[in-house]
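> Attaching a single structure in structure tokens format; questions to follow.
Throughout, read-outs are computed from the coordinates displayed, never taken from laboratory work. All of these numbers come straight from a predicted model, not from anything done at the bench. With ideal geometry, Cβ positions are generated from the backbone for all residues, glycine too; neighbour counts draw on all protein chains shown.
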Amino acid sequence: MTQKVKINITVNGVPYEREVEPRLLLSDFIRHDLGLTGTHVGCEHGLCGACTILFDGQSVRSCIMFAVMADGHKIETVESLGTPEHLHPLQEAFMEKHALQCGFCTPGFLMTLVDYLGDNKNPTDEEIREAIDGNFCRCTGYENIVEAVKLAAKKMAAHS
Amino acid sequence: MAGRVFHKSILRNEDPQILAGKAQYLDDLELPGMVFAAFKRSDYAHAIIKSIDVGEARALPGVIGVYTAEDFGDLVKPGPLQVPPPTAIKGATYVSRTLMPIAKDKVRYSGEPVAVVIAESRYIAEDALDYIYIDFEPLDAVIDLEKAMEPGSIKVHDDLPSNEGAHVTQSRGNYDEAAAKADLVIKKKIYVDRVAAAALENRGILINWDDKAQMMTIWCGTQSPITLRNATAARMGLFENQVRVITPFTGGGFGPKINTSMPDDVLLTELAFRLKRPVKWYEDRRENFLSTTSERDQVHFCEIALTKEGKILGFKDFFYHNSGAYNPYMMTVPLNTQTHTVSNYEIPSFHTEIVMVFTNEMVVTPVRGAGRPQGVFVMERMIDAAAKELKMDPAEIRRINLIQPDAYPVSTGVIGQDFVEGVLDSGNYPSALNMVLEMIDYKKFREEIQPKARAEGKHLGIGICTFTEGTGVGPYEGAKITVGGNGKVSVATGVATQGQAHYTSFAQVAAEQLGVEVKDVKVITGDTGHFAWGAGTFASRGATVAGTAIHLAAVKVKAKALKLASAILETPEEELELADGFVRVADLPDKRVALGDLANRANPMRGTFPPGAEPGLEAVAYYGPPYGATGAGCMAMILNVDAETMKPKIERLVIVHDCGTPINPMVVEGQVHGGIQMGIGNAFFEKIAYDETGQLLSASFMDYLFPQATDMPPKIEMGHLEVPSPLNPLGIKGVGEAGAIPTPAVFNQALEDALYDTGVELMESNLSPSKVFSYVKQAKGA
């Protein structure tokens, strides 16, 4: 239990070398070992999507992975997107469309969607709902999130 | 009523911080030397604890302590009631069996804490739980509400004569006479099942006892920080100002986070005090389902008496309300059910009787809606049954029974959760109904769309219901507003925020008076170090009660600013205005003094301080309404049901609501959207399921179906009706629960209408495809 394993992980472009217990969840590693608390934990069984991060560019749930599984891989968290002063276009769209209330689920949505919008530049409403179906939100009823994604797609097209 | 910033859809102050992942939620907080708690919970719903062996757990490296009831001495006693008992209601009887902080001798629900572990890490604390051995003698469990009240039933509390926790009867008019005169009397049995609040952030707490400063700081996403502080101080023999409760960003509340004197806050404040180390506990989702309160289950036996024209003469309702194993929250939920059963219709005679029942299930306290959805479900389902019997249109039977717009204020004759007789302050229910009928094109649906769909073999149904939402109840809230030397404005209030946009809407209220930008108003909610008085965030009351207190404080600060500026600018107050962060002469805008400068001059370091003056551009104000402001609305829904799989698709959903004057219409719409999502979940997806032994069968999101993006209608079509409340100067009514209230009733009506050819009657909420299938099968067989 106390045996530790050395891992090398690049998170948001910063390389880290750490020793961790094999059973340490990737979500706990990100939040508590690295202090990147923008990634949230809502269910710890891979259903709610609040802990979604990018793993080598793909959106995954960090609460059902171990930190050791990320050895040698690249991770991006919500902190990689924008700052409060300079939000990412997706974050701007969430603000402008009132797509968040308590905000606990929001980082998970953002990380699911940066991945999704990278491959889908102009999604329909139904496609967006399918894309976010694995992310739970209790506050918004999802409609404003769908609107935000459409706005974000436009903003991101204008940026590129 | 729109102002410069009031009544405007202003983007939220709090969003950039949240979006960038910089908002601090409870489990993001860490303190040096912090230790972690985990609870050993009972696997049995009802059992005698014969012995507990914690030896192995205590010996585990990294474990600091393992504690059971015997380690907590006098703390192990029933906690305080969270709300007063119903003594204001004539003839009401009740017993109080409040929560124990930790089970001693006996457990009464599955998930009740039996031991608590403190360890150097959360992982070790949870490991240690597996090394605690409890010898239980299982007992039969009391689960079914009706069986619980049968003579000879197993009892949850042995010292009581039965499982009855309370009995409250209220009436107006004379139902029996009404029924004798009626052309039609219908009797039905109606079930509503239990749901979770399921806030995305679970509950948690972090406590630090500073032994040198003799000061306890508690971080907790509570909806009731003042109550948590007061209860903690009282229990520990401290002054209230030796305990500071700070609510960090909180990931949703929806009711259960109102509770204090729960096992976690009682035991962990004690352990933080003893160990002199910060203690943190953050629930996981399974634990949330097991040990966070939930709500809704009731069984109703109803009667409705009508004329053959469909006018309602009387309504009678007897219902069992499940309180779970204890009743710390007393009667709030079932009293809301009583008040919301008849509130929007003219019903001369009403008789309503609650029997609150103890069961071996988790404790019931409010979840968004808090008894209101049940009242509306019961009344609307009975009206639907009457409409069918009388071959009337469901919209028409509602129209002829609604309270008319010239009737306000309307005394309801029913005492509600705030223990005053209900008064409907204002509204226009017929207008809401008409707006919805128009928006959903009801006539066209009935005359063209539905017949065509039916001819094509499709199962397309419509539902339409009206509802009220009692909001903004007392006792009071307060606020302190301070203009800083930086010219910006600070607002502190006692209510806590769980995502409702208070950092923006409260800022709008203050900014409107003080002539500053909304982004220059910093709102502090739920920090007893900044504001020490208040009741909490519940019953859709934050905007109405705290919002009004903020308005009143801002008016006071404005008066102070004008007085001071008048002397400095040598201009009469009535010629001055507050704008752009200055007090200026209205006709000579360059003749001005900045608010920040005024704030500094209001606190003279040397020189004259007039007798009787108060320093600072600062004021405190309180507001307590005589009774709550009642919001209302109407909802319609079109469902397309696959008659083979019984999977319904919501094709359209229209809602018109009246929350008086909205502070921020964008935020109001968001609140309604979220409420509707929960209502849809309650209607068809979500269900807290216990088996007959009291085992929780729905303790994960695999089993508890949380409504997802594809479960929602393509668009929520919303209309706003603004009938300002006369109870407060801003005309505000609450709206936080509106969406959740009518949805299950509308859903069932639409389902029945869609499945018209089966004759099915759905007098139960929390349905599922298989349940609808079995009801249809039953209807066809009959």
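> Return yes or no: is B:R606 away from chain A (no Cβ under 14 Å), free of Cβ contacts under 8 Å to residues at least 60 places away in the same chain and touching a helix residue (DSSP H, G or I) at 6+ places or on another chain (Cβ under 8 Å)?
Numbers: away from chain A (no Cβ under 14 Å): yes; free of Cβ contacts under 8 Å to residues at least 60 places away in the same chain: yes; touching a helix residue (DSSP H, G or I) at 6+ places or on another chain (Cβ under 8 Å): no.
It is false that B:R606 is away from chain A (no Cβ under 14 Å), free of Cβ contacts under 8 Å to residues at least 60 places away in the same chain and touching a helix residue (DSSP H, G or I) at 6+ places or on another chain (Cβ under 8 Å).
> Name the strands (runs of 3 or more DSSP E) wholly within region B:545-636 that hold at least 2 residues that are crowded, with 20+ Cβ neighbours inside 10 Å and among the small types (G, A, S)?
Values: elements: B:576-579, B:582-585, B:588-594, B:618-623.
In region B:545-636, no matching strands (runs of 3 or more DSSP E) lie anywhere.
> Need a quick list: helices (runs of 4 or more DSSP H) entirely within region A:46-160 having at least 2 residues that are surrounded by fewer than 21 Cβ atoms within 10 Å (Cβ to Cβ) and within 12 Å of chain B (Cβ to nearest Cβ).
On the way: elements: A:89-96, A:106-119, A:125-131, A:143-159.
In region A:46-160, the matching helices (runs of 4 or more DSSP H) lie at A:89-96, A:125-131.
> I'd like to know if region A:17-31 contains one or more residues that are surrounded by 15 or more Cβ atoms within 10 Å (Cβ to Cβ), facing chain B (nearest Cβ under 8 Å), closer than 27 Å to B:E283 by Cα and hydrophobic (A, V, I, L, M, F, W, C).
yes
> Mind checking whether some residue in region B:211-224 is over 30 Å from B:E30 (Cβ atoms) and out of contact with any Cys (no Cβ under 6 Å at 6 or more places or on another chain)?
The first filter runs over region B:211-224 and keeps only residues over 30 Å from B:E30 (Cβ atoms), leaving none.
Looking through region B:211-224, none of the residues is over 30 Å from B:E30 (Cβ atoms) and out of contact with any Cys (no Cβ under 6 Å at 6 or more places or on another chain).
> For region B:713-734: of the residues being touching an Asp or Glu at 6+ places or on another chain (Cβ under 7 Å) and of a type in the set (A, V, I, L, M), which is farthest from A:F109 (Cα to Cα)?
B:L727
> With the structure loaded, tell me whether B:F39 is part of a strand (DSSP E or B), away from chain A (no Cβ under 14 Å) and not β-branched (V, I, T) or whether it fails that test. It would help to see each step written out before you state the result.
Values: part of a strand (DSSP E or B): yes; away from chain A (no Cβ under 14 Å): yes; not β-branched (V, I, T): yes.
Here the answer is yes, as B:F39 does meet what is asked.
> Kindly establish whether B:V668 is surrounded by 22 or more Cβ atoms within 10 Å (Cβ to Cβ), within 23 Å of the chain's Cα centre (by Cα), of a type in the set (A, V, I, L, M, F, W, C) and at the interface with another protein chain (Cβ under 10 Å from one of its Cβ atoms). Let's see the steps before the verdict.
Working: surrounded by 22 or more Cβ atoms within 10 Å (Cβ to Cβ): yes; within 23 Å of the chain's Cα centre (by Cα): yes; of a type in the set (A, V, I, L, M, F, W, C): yes; at the interface with another protein chain (Cβ under 10 Å from one of its Cβ atoms): no.
In short, no.
> While we're here: Which of the residues spanning region B:696-739 are assigned to a loop (DSSP other than H, G, I, E, B), away from chain A (no Cβ under 14 Å), of a type outside the set (K, R) and more than 30 Å from B:Y109 (Cα to Cα)?
Filtering region B:696-739 down to residues assigned to a loop (DSSP other than H, G, I, E, B) leaves B:697-708, B:712-715, B:721-731, B:733-737.
Pick out the ones that are also away from chain A (no Cβ under 14 Å) and you get B:697, B:721-731, B:733-734.
If we keep only those that are of a type outside the set (K, R) too, we end up with B:697, B:721-731, B:734.
B:L721, B:E722, B:V723, B:P724, B:S725, B:P726, B:L727, B:N728, B:P729, B:L730, B:G731, B:G734 - these are the residues of region B:696-739 that are assigned to a loop (DSSP other than H, G, I, E, B), away from chain A (no Cβ under 14 Å), of a type outside the set (K, R) and more than 30 Å from B:Y109 (Cα to Cα).
> Now for a different question. Quick one: in region B:364-409, of everything that is part of a loop (DSSP other than H, G, I, E, B) and among the hydrophobic types (A, V, I, L, M, F, W, C), which residue is nearest to B:F318 (Cα to Cα)? Full working, then the answer.
First, pick out the residues of region B:364-409 that are part of a loop (DSSP other than H, G, I, E, B): B:365-371, B:391-393, B:400-401, B:403-409.
Applying the additional criterion that residues be among the hydrophobic types (A, V, I, L, M, F, W, C) yields B:367, B:370, B:392, B:400, B:403, B:407.
Working: B:V367: 22, B:A370: 18, B:M392: 26, B:I400: 25, B:I403: 24, B:A407: 28 Å.
Applying the filter and picking the extreme gives B:A370.
> Assess whether B:G33 counts as being in contact with a Leu (Cβ under 6 Å, 6 or more places away or on another chain) and not in a strand (DSSP E or B). Full working, then the answer.
Numbers: in contact with a Leu (Cβ under 6 Å, 6 or more places away or on another chain): no; not in a strand (DSSP E or B): yes.
Taking the combined requirement at face value, the residue does not satisfy it.
> Any chance region B:66-89 includes a residue that's touching a strand residue (DSSP E or B) at 6+ places or on another chain (Cβ under 8 Å), under 18 Å from B:K280 (Cβ atoms) and either surrounded by fewer than 18 Cβ atoms within 10 Å (Cβ to Cβ) or not aliphatic (A, V, I, L, M) (or both)?
Yes, the conditions are met somewhere in region B:66-89.
> Just give me the residues in region B:187-235 being of a type in the set (A, V, I, L, M), in a strand (DSSP E or B) and either within 14 Å of another protein chain (Cβ to nearest Cβ) or touching a Leu at 6+ places or on another chain (Cβ under 8 Å) (or both), in sequence order. Walk me through how you get there before you give the answer.
Here is the first cut: in region B:187-235, the ones of a type in the set (A, V, I, L, M) are B:190, B:192, B:195-200, B:205-207, B:213, B:215-216, B:218, B:226, B:228, B:231, B:233-234.
Filter again for in a strand (DSSP E or B), leaving B:190, B:192, B:195, B:205-207, B:215-216, B:218.
Selection gives B:V195, B:I205, B:L206, B:I207, B:M216, B:I218.
> Only residues in region B:640-657 that are in contact (Cβ under 8 Å) with a residue 12 or more places away in the chain count as the first member; pair them with residues that are of a type in the set (D, E) and surrounded by fewer than 19 Cβ atoms within 10 Å (Cβ to Cβ), Cβ under 8 angstrom, at least 6 apart or cross-chain, and list the lot.
Listed pairs, sorted by first residue: B:N640/B:E651; B:P648/B:D642; B:R652/B:E717; B:L653/B:E717; B:V654/B:E717; B:I655/B:E717.
> Looking at the structure I just gave you, is B:T693 at the interface with chain A (Cβ under 8 Å from one of its Cβ atoms), surrounded by fewer than 22 Cβ atoms within 10 Å (Cβ to Cβ), farther than 18 Å from B:A196 by Cα and not hydrophobic (A, V, I, L, M, F, W, C)?
Working: at the interface with chain A (Cβ under 8 Å from one of its Cβ atoms): no; surrounded by fewer than 22 Cβ atoms within 10 Å (Cβ to Cβ): yes; farther than 18 Å from B:A196 by Cα: yes; not hydrophobic (A, V, I, L, M, F, W, C): yes.
No.
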